[in-house]
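Single-structure report; data block below.
Derivation of every value follows stated rules applied to the coordinates shown; laboratory data play no part. Predicted model only: the values in this text are computed from it and were never measured. Glycine gets a Cβ as well: all are built from the backbone with ideal geometry, and neighbour counts include every protein chain shown.
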């Protein structure tokens with residue numbers, strides 16, 4: 001159910017994470033991070049392939065991605081330091097907050 005919901009939401013709004021986050025909210029934070037990474041990257045990769053097939057991913061989008069790449073690298077550098085500060089209780093709070101905010105904007109958007 002969560003996978004189907006995530007696929008549907010990812011297709012219509014680019015919001016893959018919240019249904020899967022809700023599914024994993026009670027697990028160990030290290031396990032959650034690993035599962036979410038695999039899920040998100042697979043979903044993003046499939047979305048890019050679909051956009052390429054229908055002709056909606058071109059040079060403009062590639063330039064935007066290259067412009068954002070340095071920021072991604074900086075965040076990847078900070079991620080392990082930040083992850084060490086997040087325990088299971090805080091992770092659950094973050095997951096529920098992000099899911100609620102995403103749901104709110106999906107409904108009003």
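Among residues of the stretch 79-109 being in contact (Cβ under 8 Å) with a residue 12 or more places away in the chain and exposed (fewer than 13 other Cβ atoms within 10 Å of the Cβ), the one that is farthest from residue 36 (Cα to Cα) is 109. Scanning the stretch 59-75 for residues that are under 30 Å from residue 26 (Cβ atoms) and assigned to a helix (DSSP H, G or I) turns up at least one hit.
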